[in-house]
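The values are calculated or read from the model by the stated rules, or taken from the named source; none is laboratory data. The shown structure was predicted, so the numbers you read here are calculated from the model rather than taken from an experiment. Here the Cβ positions follow ideal geometry from the backbone for every residue, glycine too, while neighbour counts run over all protein chains shown. Accessible surface areas use protein heavy atoms only, side chains included; no ligands, DNA or RNA. Shrake-Rupley method; radii C 1.70, N 1.55, O 1.52, S 1.80 Å.
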Amino acid sequence: AKSLLNKKADGVKPQTNSTKGSAGVTSPKGTLPPTALEPQTTVIHNPADGTKESSDSTNTTIEDEDTKARKQEIIKITEQLIEAVNNGDFEAYAKICDPGLTSFEPEALGNLVEGMDFHRFYFENLLSKNNKPIHTTILNPHVHVIGEEAACIAYIRLTQYLDAQGRPRTSQSEETRVWHRRDGKWQNVHFHGSGAPVAPLQ
């Protein structure tokens, strides 16, 4: 799937993924004709410079380059995880998640779920069977870097999809993900989602 990272600056419109008039799109698989475009896309909106300032001008947070880079890594791996969900790709999802992943999410009806079997059910019975476009927007991600090996990201997730009658719909969820780096690789170890289910039931 084509993935866009849009940084919203004052007076600048975010890019769109319109393919009108384009001959093809470059992807890891090579140049694809417009008709072969995969419809799932994740767009992330960040502050233009990535720095957050307190309302108290004497307490401005200035991050070093290493911290900024780590925050961008976390946003990127979160984007990859959501792409795997949008594409119904359980194998890619499982590579990004810890096998003991814990989660609270609407689909679990308030229960803490542990492991991948619960998630596999939705991939096999819903997500992998979806052939309608899904567009996800991650709004204002906020990353907490916790040392060298851990981080937490919180964001609003808007999911646009077509319902069973082909009508466009939007759902919103609030999500938090805890990431742990093991052997140089980030893995999602905990997830908390509130609001609409992550997988729109079409």
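Here are the numbers for this structure:
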{"read-out": "Among (1) in a strand (DSSP E or B); (2) surrounded by 15 or more Cβ atoms within 10 Å (Cβ to Cβ); (3) under 15 Å from the mean Cα position of the chain (by Cα) - the single one Pro197 does not satisfy", "value": "(1)"}
{"read-out": "Residue within the range 165-182 that is of a type in the set (Asp, Glu), open to solvent by 50 Å² or more (accessible area, probe 1.4 Å) and within 27 Å of Thr67 (Cα to Cα) present", "value": "yes"}
